[in-house]
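A short write-up of the structure that comes next.
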Amino acid sequence: MPDTNQGNKMELFERVKAIMFNPKEEWIIIEDENTPLVKVFVGYLLILALIPAVAIFFNFWWNWHSAYSEAIAKISGNYPNIAEITARIKAQYPFDPKLGIINAVKMLVIILGGAYISAAVINAFSDQYGSSKDLNRTFSLVAYSLTPMCVAGILYIYSPLSSIVQYVGLYGLYPLYTGIEPQLKPAANKKNLCFIISLLVVVAVWVILSKIVQEISVSILAEMAKSNAGNMLKDF
């Protein structure tokens, strides 16, 4: 019996590679597939969105681990009973994954929510460029165009390289442009207008959603800080 999971992984890898290096021809295949929104969401974008999300969490853990190890190394020469001191520090300042999880979830919400909202808005503007409404195809256009940014998200593992992600993500403009005609089928003289509208929508949604998610996360962290402070006062 063939390994279905292995086959799906290979299909995903081949789709990512094609979108990255040969999008023009890949859009022809995607056009024929006309895959439902849910399948693209779960079977493609969600998986790719996990790349930057997991990288962000790992970066958070690594920074904590590095700072912790550095602190232990500094005092190890002065205290022979380092094992006891280490145990006490671990007990007093344990690794708390909450912040890392919140940052990872923020990235997932921005990518997944941003893709869906952008597709819905672009689809709503279909009359402006002479196209028929089709949320499945519009979502595929947006989702596949986010491939470069999601793949580059692996760089979030190492903080000095994280700023490169946004520049690699700009390459997504090429898949977006080449996918306009096969996916949205705008009027012949309105392809550029369709691309401009799509681009502006994606950027606007990304900026607005990022701000909203950031404000929500700050509120959550503030409530967590208050709760921790309250618990410390009770213990005292």
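Read the figures in this text as sums done on the coordinates, not as results from a lab. Everything numeric here is computed off the predicted structure, so don't read it as measured data. Because the Cβ atoms are built from the backbone with ideal geometry, glycine has one as well, and the counts that use them run over all protein chains shown.
Numerical summary
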| item | result |
| --- | --- |
| Relative exposure of 32, 96, judged by other C-beta atoms within 10 Å (fewest first) | 32, 96 |
| Stretch gain in nm, segment residue 163-residue 132, where the contour uses 0.36 nm per residue and the Cα spacing is subtracted | 7.4 nm |
| Normalised contact order of region 134-204, rounded percent, pairs of Cα under 8 Å and 6 or more residues apart | 32 |
| Gain in span if fully extended, residue 42 to residue 173, counting 0.36 nm per residue against the direct Cα distance | 44.9 nm |
| Sequence of 203, 121 once ranked by neighbouring C-beta atoms within 10 Å, starting from the fewest | 203, 121 |
| Euclidean distance of C-alpha centroids, region 7-44 and region 170-211, integer Å | 18 |
| Residue 226/residue 64 FRET efficiency (R0 22 Å; Cβ-Cβ; nearest 0.05) | 0.50 |
| Links that overshoot a 30 Å alpha carbon limit, given the list 98/211; 24/98; 185/211 | 24/98; 185/211 |
| Isotropic mean projected area of the C-alpha convex hull, region 121-236 (nm²) | 9.8 |
| Vicinal HN-Hα couplings computed from phi for region 181-187 (Karplus, 6.51 cos²θ - 1.76 cosθ + 1.60; Hz; Gly/Pro x) | 5, x, 8, 9, 6, x, 4 |
